[in-house]
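Below: the structure, in structure tokens.
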Amino acid sequence: MYVRRQALGSIGKFGAAGVAATLLALLAGARPVESAVAKPADTELPWPTLPVKDIRPGMVGYGLTVFSGQKPERFPVRVVGVLPRHASLMDIILVDTDEPRLKHAGIVAGMSGSPIYIDGKLVGALSLGWAFSKDALGGVTPIEYMAADLKRPLRGRDFNHLAINTRSTESLKSPVEELHKRLPAPSLGISTQTGQLQRVSMPLLVSGLSDEPLAILRDALSPYGIAVMSGGGSSPNPVAQRAFEPGSAIAVDLVRGDVTMQSIGTVTAIDGNRVLAFGHPMLNAGETYFPVSTAEVTTFMPSLVSSFKFGHSLLPAGVLIQDRSAGIIADTTQAAQTLPMTISIFPVGQPSRVLKTELARHKLLTPVLVSVVAVQAVSVVASDVADVTVQVDSTLKVTGYPPLRQTDYLFSSDGYSGKMLANSTGSRQLQELLSNPFGPIHVESLDLKVELLYRSQVADVVSMSLPSDELEPGKTAMVRVALRPFGQSLEYVTVPVEVPRALAGQTVKLEVQAGAQVKPEFAAPDSLADFVDNLRKGYSGKSVVATITTSDEGANLRGRTVPSLPASVLATLRPGASSRRGEVQKRLYRTVHDVDWVMQGKQELTVQIKDLRDDSRSITTP
């Protein structure tokens, strides 16, 4: 539930009397003021309703919510007045209650969506409360605003896609940064100089998380007014309710399994297979397909700032299809499509651990959830602060394509962190696939297998040397590379580098670098298939890569790399009148050499390639 409070600085200036005076002034002017926003048209609704225009102060009725367990119970309400255009340009009905169980706790977060009835007619959903209030005073979202979203057409899962970029995946930021960038957060505060109110958070109950992943989750969700709190979980309750009813608890599940994340609210009304709830948004993300479940309430947690319900999900009961400013709508006939993720961690000489979860599918939120669960998996098993060599095998299964398999080799002198796992290739590939610029894609599962060896199997690239000052074109140059393994004397490896005959007479740059630090060469994708293929490209962390960079030019054209083209052809690809042109780039020649260490660092030289014309001139005729 959203709870609204007077900012602390404003309370200090105006005092509680100032806040009360502001509310009274708003209520006094409520009736003459007409909303500038067109209200939903009066259409026939499946329940008897009392529209907000007919609400008057002093009317009495009741609400329904779950105080404990699964069964909704009544609580009395009395109308205080109407605040016009108060929240998201909607009228809000103010009510208070003398229910003994709410006298101490106030309006409780988790009561969001509790249906309010007057004269047996549905008025709306309890959705707002005020912190630091001495009375149980709450705000009600009128049902006509909530019911209007029932008529919104759905695009469907396959058309609920967002392309983040148009050419490659280089512009992707971290999952949390992308979430904040692409899903604008609602304003959490407004000017306090006129005594206006400020929104406080709604709870997301989580279980199975320690401090570090909790901090990441809070950082991700706090801009959306969501407070991450320990609690929640799931229950194998044999008498769990299997259907919703007005006033029953509903859980929106972001993560299920060994880790759970769920936001619990209350059902407002049911229209066939559609369930209205909350009376306010969750993320205000529009059309979404998060899993929803029936839920059970354990108890209230009273708080001076914002009391909230402790509870947990019970049985899967459909999917969330709308997340709008007036509330959420779930469809009980649809089955949720979650993303299974398994993280297996095997520390050598220590007990292993397997963490299994199912994540809600969302182009921006899913990568954040992957990061949080990955950090948790590592914090539970691998908390040693010591030198560690890491191998991460990731398998990302994508419908219609062979699995994407990648092995990362890493080294850390401070122990293995969850953030390292969250940045593994498999995790990044998932983020890139969900945000690809070509179209919807179905990721079936993500498996991460982590092997930890608490030993320093890492080496630095120290130097490189060549057999001569000039390299022979068309032959193999034996490049000698000096490596310094941690705590050991220098080791030398010889990398055979093919010198193309076409480079005769050129001055080139020769670079030897740790494989994981080398950006693979690929053309900008021209299709989804190209995009997926590009994700497979990369170099092992246990390799050194020798690269010759030349002045020759090739082209990236329609998803393919064309290594060598005549100057006349290259000229047509440079910027001009056409909008469909290739990308001209310097040519690279690469040689990969595997080693036994996780590599770091690089070295480079400028080298002359022998000119074959000089040899021809030196030949004399008798």
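The values are calculated or read from the model by the stated rules, or taken from the named source; none is laboratory data. In this text the structure is predicted, and so the values were computed from the model without any measurement. No Cβ is skipped: glycine too gets one built from the backbone with ideal geometry, and neighbour counts run over all protein chains shown.
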Condition test on L64, is it crowded, with 20+ Cβ neighbours inside 10 Å, at pLDDT below 85 and closer than 30 Å to R242 by Cα?
no
Can you list the strands (runs of 3 or more DSSP E) found entirely within segment 163-273 that contain at least 1 residues being over 30 Å from D533 (Cα atoms), modelled with pLDDT under 85 and more than 21 Å from the chain's Cα centre (by Cα)?
198-200
Name the single residue, out of those in segment 98-125 being modelled with pLDDT of 90 or more and among the aliphatic types (A, V, I, L, M), that is nearest to R74 (Cα to Cα).
I116
Of the residues A422, A386, which is of a type in the set (G, A, S), touching an Asp or Glu at 6+ places or on another chain (Cβ under 9 Å) and within 22 Å of A516 (Cβ to Cβ)?
A386
State whether one or more residues within segment 278-290 are at pLDDT 85 or above, in a strand (DSSP E or B) and not acidic (D, E).
yes
Can you tell me which residues in segment 308-343 are at pLDDT 90 or above, among the polar types (S, T, N, Q) and surrounded by 20 or more Cβ atoms within 10 Å (Cβ to Cβ)?
Q322, T338
Matching residues in segment 377-407 (of a type outside the set (A, V, I, L, M, F, W, C) and under 27 Å from P351 (Cβ atoms)) number 12
Suppose we filter segment 348-368 for residues that are assigned to a loop (DSSP other than H, G, I, E, B), in contact with a strand residue (DSSP E or B) (Cβ under 6 Å, 6 or more places away or on another chain) and either basic (K, R) or under 14 Å from Y289 (Cα atoms) (or both); how many remain?
2
Is there a residue being part of a loop (DSSP other than H, G, I, E, B), in contact with a strand residue (DSSP E or B) (Cβ under 9 Å, 6 or more places away or on another chain) and within 25 Å of S174 (Cα to Cα) anywhere in segment 424-432?
yes
Within segment 325-338, tally of residues that are within 19 Å of the chain's Cα centre (by Cα) and closer than 21 Å to M111 by Cα
0
Among the residues of segment 452-504, the number that are among the small types (G, A, S), surrounded by 13 or more Cβ atoms within 10 Å (Cβ to Cβ) and more than 30 Å from V380 (Cβ to Cβ) is 7
Can you tell me which residues in segment 394-408 are part of a strand (DSSP E or B) and not polar (S, T, N, Q)?
L396, K397, V398, L404, R405, D408
Would you be able to say whether some residue in segment 378-393 is surrounded by fewer than 17 Cβ atoms within 10 Å (Cβ to Cβ), in contact with a Gly (Cβ under 8 Å, 6 or more places away or on another chain), in a loop (DSSP other than H, G, I, E, B) and among the hydroxyl-bearing types (S, T, Y)?
yes
